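Structure first, commentary second.
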Amino acid sequence: MLSVLPSRSAADACASPREFLQRSQAALGSGDHAAGLEHAEQALQHAVADGSERAEALTQQSTHQWRLGRFEDAVDSGRSALALWGRLANDDQRCALLCHLAVAYSELGLHEEALRHATESFDCARVHGLRGREVQALNRIGICFERLGDPAQGERFLLQSLGEARDMHDDDGTLVALNNLVATTVGACHLYKQRGEHDASRQAIERGRSYATQAVALARRLGDAYRQTVIEGKALGKFEPALAHCEAHHAMELQRAALQNQAQARLMINRVEVEHQLALAERARQVSR
């Protein structure tokens, strides 16, 4: 007698939130973010209102949305997840999510908001002794300053992240910091060149080459072919194409500014509306007493 396999919808109806979360996480690893988002949303439908599975589902939903370029949605999901992780007193997840939100805000051009979240992540990590999260937060703070047009401060925080990662023998954190230092010095070189500060531009190039050389050596040792390929051109002195790319990126950023302003306005409107509804609910609760 042939067995009849259940349909996908029937199988999904029997699945637990944990199973949906595992599928979502697997999709994150494979890069199938459309499917991952669907699984995260299914987990949300089945998760307990204030439980950790719901917080995980919101976090994964935000991550998939960010990967799909849906930055506003990623912020909204991330905010909900952050509030829930706070109620659950999970400081490790809070620190990680604050850094993730910093990335999403940066993509929307809200660099000061991004910096605020990254700084809060660092403070949380420092208070609770979460050194790995502290390294991540320092990294994100450095990037935020670079995006705010202060590459010198950005480089300073990235160097702090690099020092902490090396002290912990965290190879991945070290490689991430070095890679971001290369990107920051390329941006700094372009900025100084625009200002006519040619000595500063030249010094940024030399520092960038040094960071890139270190990054390539580490990527080779770790067998990370992708990062080695990305960084190696800079280490071999091919900074000119990188600068040309930076200039093209700067032009694209100007084009994105209008879209970012619209997104920022929508987020602000949503925040005001949510706060208004909360205020109305609180007034109604006071009156009903």
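The values are calculated or read from the model by the stated rules, or taken from the named source; none is laboratory data. Source: prediction; values computed, not measured. As a convention, Cβ positions derive from the backbone with ideal geometry for all residues, glycine included, and neighbour counts pool all protein chains shown.
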Looking only at region 111-129, which residues are over 12 Å from Cys95 (Cα atoms) and surrounded by 22 or more Cβ atoms within 10 Å (Cβ to Cβ)? Ala114
Here are Gly132, Gly142, Gly163: which of them is surrounded by fewer than 24 Cβ atoms within 10 Å (Cβ to Cβ) and touching a residue at least 40 places away in the same chain (Cβ under 8 Å)? Gly132
Go through the residues of region 23-42 one by one and say whether even a single one is part of a loop (DSSP other than H, G, I, E, B) and over 19 Å from Val103 (Cβ atoms). yes
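Can you tell me how many residues within region 101-130 are under 15 Å from the mean Cα position of the chain (by Cα) and either over 19 Å from Ala165 (Cβ atoms) or among the hydroxyl-bearing types (Ser, Thr, Tyr) (or both)? Don't jump to the end; show me each part of the working.
Within region 101-130, the subset under 15 Å from the mean Cα position of the chain (by Cα) is 101-122.
Then keep just the ones that are either over 19 Å from Ala165 (Cβ atoms) or among the hydroxyl-bearing types (Ser, Thr, Tyr) (or both); that gives 101, 104-117, 119-121.
Total meeting the criteria: 18.
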Answer yes if at least one residue in region 60-68 is aromatic (Phe, Trp, Tyr), crowded, with 19+ Cβ neighbours inside 10 Å, under 30 Å from Ser201 (Cβ atoms) and within 13 Å of the chain's Cα centre (by Cα), and no otherwise. no
Long-range neighbours under 9 Å by Cβ, at least six apart or interchain, first residue not aromatic (Phe, Trp, Tyr) within region 184-202, second not in a helix (DSSP H, G or I): Leu191/Gly149; Leu191/Glu197
Out of (1) surrounded by 15 or more Cβ atoms within 10 Å (Cβ to Cβ); (2) modelled with pLDDT of 95 or more; (3) of a type in the set (D, E, K, R), what's the single condition that is false for Asp92? (1)
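Take residues that are of a type in the set (A, V, I, L, M, F, W, C), farther than 26 Å from Tyr105 by Cβ and modelled with pLDDT of 90 or more and tell me which of the helices (runs of 4 or more DSSP H) falling wholly in region 143-243 contain 2 or more. If you could, list the steps in order and put the result at the bottom.
Numbers: elements: 151-167, 171-195, 198-222, 225-235.
Of the helices (runs of 4 or more DSSP H) lying wholly inside region 143-243, those with at least 2 residues that are of a type in the set (A, V, I, L, M, F, W, C), farther than 26 Å from Tyr105 by Cβ and modelled with pLDDT of 90 or more span 198-222.
Inside region 51-98, can you point out the residues that are part of a helix (DSSP H, G or I), among the aliphatic types (A, V, I, L, M) and closer than 18 Å to Pro17 by Cβ?
If the condition is that a residue be part of a helix (DSSP H, G or I), among the aliphatic types (A, V, I, L, M) and closer than 18 Å to Pro17 by Cβ, then Ala55, Ala57, Leu58, Ala81, Leu84 are the ones that fit.
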Could you list, in sequence order, the residues of region 101-133 that are within 23 Å of Arg67 (Cα to Cα) and basic (Lys, Arg)? Arg116, Arg133
